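The structure under discussion appears below in the form of structure tokens.
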Amino acid sequence: MLKPKTRWVLQRQDQKQINMLAENLGITPLLASLLVNRGLNSPDEAREFLFDRGLTFHDPFLLTGMDRAVNRIREAILDGEPILIFGDYDADGVTSTAIMMVTLQELGANVDFYIPNRFTEGYGPNEGAFRHAAESGIRLIITVDTGIAALSEAKLAKELGVDLIITDHHEPGEELPEALAIIHPKLSEKYPFQDLAGVGVAFKLAHALYGKVPEHLLELAAIGTVADLVPLRGENRLIVKKGLVQLRMTKRPGIRELLKKCGIEQASLNEDSIGFAIGPRINAAGRLDSADPAVHLLLTDDPYEAEMIAEEIEELNKERQNLVSEIAGEAIAEVEEKYPIEKYSVIVVGKLGWNPGVTGIVASKLVEKYYRPAIVLSFDEETGLAKGSARSIAGFDLFKNLSHCRDILPHFGGHAMAAGMTLNIADVEKLRFRINKLANEQLTEEDFIPLTELDGEICVKDVDLRVIEELQMLAPFGVSNPKPKILLKPALVSQIRKIGATENHLKVILKGEGALLDGVGFGMGHLFEEISPFSKMSAIGELSINEWNNNRKPQIFIHDLEISEWQLFDYRGQKYLDTMFKSVQNGKWLFFDEENYRSFQNHLNGADESIFVDSPETAKNIDVTEKNVVLADLPPSLAILESLFGGREPARIYAHFYTKKNAYFSTMPTREHFAWYYRFLAKKAPFDIRKNGAALAKYKGWTKETIIFMSRVFLELDFIYVKDGLIYLNKAPKKNDLTSSSTYQKKQAYFALEGVLLYSTYGQLRNFFDQIIQGSVKNEEAVEKWI
């Protein structure tokens, strides 16, 4: 057995609905099942999603407040009034700012932008910035990706004689700011789509101002939409799909230089390029310093300036990566030394000097490592405040639970899976106590096992190029439309090996009903020793096409795997047991020889258990069900193995069967051997075995042990007697079969035992244990077929 590292949850399938959709659209059942899982049940909905049929940009004037905002902006442009764009320092805010700057500049406005400093001003509009803007002659401020919670700042703007237009997408509170206009999809009942990113709202304002869809701004809108992790459905999907096309052809020097720094070919750019390369670099500027360079990078028409800014941002991103690595290491040390997960259901860590700009990333890393909700705080000794971010796991609503701690959280916001907060350092221990108390009341032990939701299942024989190519029709992938995670039904491990310079990856070939499928598990090389030959493996992961030397073949990138049946690991023939010590985890080491048992006591791992098994009765009392059992040396009989495994399935059997001396390749005398020796004694008795036994053995090509063995058998059967060291023949022996001799029986049984356990093939040994486990081997007579 090999247990998966996560809980696999396969979405329920309405097979009738799937078949109808597959037939109607002419697609594979797998793709149809993925569409149904995404709530696309009707052929029309599925066509719109796959082929963009009927999918258009909505009328921007359906957004509440759009009329008033557009009129005021046009008035400012006509009168030459200076306009200030007030943005946010993340990728969504930066691209929102860039879109409004491009739009207003192209429409002839006198416009500039302002993004607050994360460290000195914090998130969102602030009094100092608004006062400075008013003093500079600004009479119109447009917020992008921020402002919906700026109640006091909106009042101040009104007092200062500044008109305020708020465009935002964050969760609105019960009380709204007093602004000239608020453009927010969730506050617009007539607008068909509520999940726009901040850049999506800015794009809609640009749409209204231009009077047409600003296609040239889609590339910027796509970057912000993907980076902000909003659902890639509806209008967001259209923005990203069309935006990616624009990005692959972009002439913007800033984006082209950024792609060079990322090492991304422009023609092959996709949503992952944004999510894992472009977005983090744009975010790096605002996380560590000012976000202004990121805006200038997107706005500049000068290739030289673009190159310089891209280099600056690349250095900031490297610094951000190093900072995250350093702080994450310190945070992990805090957890291990002070707040172990065995005691704490929610991780709450903080330290002086941690950069608050990366606490969210560090929290995510802690969740990934420990699968616990995590709060990471940066302590400021001067202000006495702790500022940071939180990330959660399925089943624990961060926003809801933090709401119970409002009295010690003067500033916090977020949603079920992520939050940001500020509190007094003195209250951190209270927060740790309260949030853990809430978690202990809500979470079960199972909740702390990572969850993997699966879109569908498939057999190896059904995986082909067409199936995989069809899956790409679901792209672009993201929130609410993740890359399909597929369950591959149990298949035979035909080949397995480690790959990579450090052998830290796994390569397998899976076989099912005559078909083969390659699988690659990155970072899974350590599992090589835990997968035995010919196991049946289930795997989850992403299907893809491997292209090499103009050959295209299906493959699966394995994220997790499971072997639900017991496994046999064959260490027979290896001289020393210590070769197994690293391979066996939490093993029950069974010894049948007391000397071996005592010898190896000091060599085993702390988590291992060693047991001396001296009888079938002892074996029967050992719990082997779903355990890793090591058969360290050769048992004296098969009956012990029957008592040990009969009707009980272990997780793994490690067969070593150490023995000092093998009987199998020594001679097991046949009846003809016994008959010849009897005739010899009849002629030569009395026979001095001590003096002449070796010569007789040499003459017959036997061993002296064979002569001694046959003599003992004859003695037990009363065929001979021994006097003064000489063997005499009984003149009237009783009629006894050789098998009546206990010595003969033991020799025959041990000879058979070695044949089954030591000299069988892997398949034969596996089959033998299978029959014991299934209860079909009832006595040692059944072993004869193995000899």
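The values are calculated or read from the model by the stated rules, or taken from the named source; none is laboratory data. On a predicted model such as this, the values are computed, not experimentally measured, just so you know. Quick reminder, even Gly has a Cβ in these numbers, built from the backbone with ideal geometry, and neighbours come from all protein chains shown. Accessible surface areas use protein heavy atoms only, side chains included; no ligands, DNA or RNA. Shrake-Rupley method; radii C 1.70, N 1.55, O 1.52, S 1.80 Å.
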### Summary
Of the residues Pro177, Leu209, Ala157, the Cα lying farthest along the dipole of the stretch 99-240 towards its positive end, which is defined by charges on the beta carbon of Lys, Arg, Asp and Glu, belongs to Leu209
### Gain on full stretching of the segment that runs from Arg497 to Trp8 - 0.36 nm per residue minus C-alpha separation
173.5 nm
### Task
Among the aspartates and glutamates, select those whose C-alpha is under 15 Å from the C-alpha of Lys186, and discard any that sit fewer than 8 residues away in the same chain.
Asp145, Asp168, Glu171, Glu174, Glu175, Asp195, Glu235
### Query
Tilt of helix 279-288 relative to the longest C-alpha principal axis of the chain, in degrees (0 to 90, nearest 10)?
70 degrees
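So which of Lys489/Lys582; Lys338/Lys369; Lys204/Lys251; Lys3/Lys511; Lys343/Lys627 end up more than 25 Å apart, counting from Cα to Cα?
Numbers: Lys489/Lys582 30 Å; Lys338/Lys369 16 Å; Lys204/Lys251 23 Å; Lys3/Lys511 20 Å; Lys343/Lys627 27 Å.
From the list (Lys489/Lys582; Lys338/Lys369; Lys204/Lys251; Lys3/Lys511; Lys343/Lys627), the Cα-Cα distance tops 25 Å for Lys489/Lys582; Lys343/Lys627.
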#### Entry: Stokes-Einstein diffusion coefficient of the chain, Kirkwood radius over Cα pairs, 10 °C, 1.306 mPa s, in µm²/s
49 µm²/s
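Once the Cβ-Cβ distance between Gln194 and Phe119 is put in as r, and R0 is 35 Å, what FRET efficiency do you end up with, to the nearest 0.05? Could you put the intermediate results ahead of the total?
Working: r = 33 Å, r/R0 = 0.93.
After rounding to 0.05, the efficiency reads 0.60.
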#### Entry: Gain upon complete extension [Asn546, Ala695; 0.36 nm per residue less C-alpha separation]
46.7 nm
### Query
Rounded if a/c is under 1.5, else prolate if a/b beats b/c, else oblate: with a ≥ b ≥ c from the C-alpha gyration tensor eigenvalues square-rooted, which is the stretch 1-68?
oblate
### Whole-Å semi-axes of the stretch 644-714's equivalent ellipsoid (Cα gyration tensor)
38, 14, 10
### Task
Would you please give the FRET efficiency between Glu429 and Tyr762, computed as 1/(1 + (r/R0)^6) with r the Cβ-Cβ distance and R0 = 56 Å, to the nearest 0.05?
0.45
### Query
Going by alpha carbons, how many degrees (0 to 90, nearest 10) lie between the helix axis of 359-370 and the longest principal axis of the chain?
20 degrees
### Task
With a cut-off of at most 14 other beta carbons within 10 Å, and DSSP calling the residue loop, which trypsin sites (Lys or Arg not before Pro) in the stretch 164-273 qualify? Please list them.
Lys190, Lys212, Lys251
### Message
Using only Cα atoms and rounding to the nearest 10 degrees, what angle (0 to 90) does helix 253-262 make with the longest principal axis of the chain?
### Response
20 degrees
### Query
Counting Lys and Arg as +1 and Asp and Glu as -1, each charge on the Cβ, what is the dipole of the chain about the Cα centre in debye, to the nearest 20?
5320 debye
### Task
Within the stretch 234-263, find all residues whose amide N lies under 12 Å from a label point positioned 7 Å from the Cα of Arg53 along Cα-to-beta-carbon.
none
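Between Gln266 and Ser325, what FRET efficiency comes out of the Förster formula 1/(1 + (r/R0)^6) with R0 = 30 Å and r the beta carbon distance, rounded to 0.05? Don't skip to the end; give the middle numbers.
Details: r = 29 Å, r/R0 = 0.98.
Efficiency for this residue pair is about 0.55.
Provide the net charge surrounding Leu244, with neighbours chosen by a C-beta distance below 12 Å and charges set as Lys +1, Arg +1, Asp -1, Glu -1.
Numbers: positive: Arg237, Lys241, Lys242, Arg248; negative: Glu219, Glu271, Asp272.
Net of charged neighbours comes to +1.
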### Message
As a test, work out the antiparallel percent of DSSP beta bridges whose residues both lie in the chain, rounded to the nearest 5.
### Response
55 percent
### Query
In nm, to one decimal, how far is the Asp67 label point from the Ser599 one, both placed 7 Å along Cα→Cβ?
9.5 nm
#### Entry: Computed label-point distance, nm, for sites Glu337 and His415 using a 7 Å Cα→Cβ extension
3.7 nm
### Spatial separation of Cα centroids for the stretch 286-355 and the stretch 395-460, in angstrom
22 Å
### Message
Please compute the per residue accessible area over the stretch 289-438 with all protein chains in place, 1.4 Å probe, rounded to a whole number of Å².
### Response
47 Å²
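Multiplying the sequence separation of Leu726 and Phe751 by 0.36 nm and subtracting their Cα-Cα distance, what value in nm do you get? Write out the running numbers ahead of the final one.
On the way: separation 25, 0.36 × 25 = 9.00 nm, distance 2.88 nm.
Value of the extension gain: 6.1 nm.
Looking at the stretch 501-553, which GluC sites (Glu not before Pro) are in a loop (DSSP not H, G, I, E or B) and have at most 15 other Cβ atoms within 10 Å? Show your work: numbers first, answer last.
Values: sites: Glu503, Glu513, Glu529, Glu530, Glu542, Glu547; in loops: Glu503, Glu513.
Here the GluC sites (Glu not before Pro) that fit, given the DSSP loop and packing criteria, are Glu503, Glu513.
For the chain, what % of the accessible area comes from carbon and sulfur atoms, probe 1.4 Å? Mind dumping the intermediate values first?
Values: 18060 of 37180 Å².
Carbon plus sulfur share of accessible area: 49 percent.
Rounded to the nearest 20 Debye, what is the dipole magnitude of the stretch 230-304 about its Cα centre when Lys and Arg each give +1 and Asp and Glu each give -1 at the C-beta? Show your work: numbers first, answer last.
On the way: 12 positive and 9 negative charges, 61 e Å.
Magnitude of the dipole: close to 300 debye.
Identify the trypsin sites (Lys or Arg not before Pro) of the stretch 526-575 meeting these criteria: DSSP loop state and at most 14 other C-beta atoms within 10 Å of the C-beta.
Values: sites: Lys536, Arg552, Arg572, Lys575; in loops: Arg572, Lys575.
Those satisfying the criteria are Lys575.
Might you report the magnitude of the Cβ-based charge dipole of the stretch 407-461 about its Cα centre, with Lys and Arg at +1 and Asp and Glu at -1, to the nearest 20 debye?
Working: 5 positive and 10 negative charges, 52 e Å.
Magnitude of the dipole: close to 240 debye.
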